[in-house]
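Please treat every number below as a calculation from the coordinates, not as lab data. Keep in mind the model is a prediction, meaning the values are calculated, not measured. Positions of Cβ are backbone-derived with ideal geometry, glycine not excepted, and every protein chain shown enters the neighbour counts.
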Amino acid sequence: MVEWILLAIIILLQVVDTVTTATLLKQGCYEWNPLQKWLMDRLGVLPSLIATKLVFVGGCFLCAWYAELAIYFKVALYLFAIIFVYVCANNISLWKNHKG
């Protein structure tokens, strides 16, 4: 059950990351992830963000699905949630400081 709650949190964090990243890029900030930047240059900001988020969430879904089989799938979900809490908090902090 915990793995599905983690998956829901991760999905919410992906939405927050997508919105804040797109907003920051429109305000003149730049993407730090070189792979994401490369995709943005080729596909555009929103299509590349949506594509990478769908792939990531798909992988997280598989982790949640198989979490009962091996503990490392559940651990991966916890780590992904923690990482994206940091990413979203950083984006929000940048947005607040950049706006002002």
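Worth pointing out:
- Pairs of Lys residues in the chain are counted when their Cα atoms are under 21 angstrom apart and they lie 8 or more places apart or on different chains; the count is 6.
- Fewest-first sequence of LYS96, LYS37 by Cβ atoms within 10 Å of each Cβ: LYS96, LYS37
- Ranked MET40, MET1, criterion: other C-beta atoms within 10 Å, fewest first: MET1, MET40
- Working note: Karplus 6.51/-1.76/1.60 with θ = phi - 60° gives the range 42-51 the couplings 9, 9, x, 5, 5, x, 5, 5, 5, 4 Hz, where Gly and Pro are set to x.
- Rounded to the nearest 10 degrees, the angle from helix 2-26 to the longest Cα principal axis of the chain is 10 degrees.
- For the range 2-99, projected area of the alpha-carbon convex hull averaged over all directions, nm²: 6.1
- Computed lengthening from TYR86 to HIS98, 0.36 nm per intervening residue step minus Cα-Cα distance: 2.5 nm
- Alpha carbon centroid spacing (whole Å) that separates the range 56-100 from the range 27-55: 17
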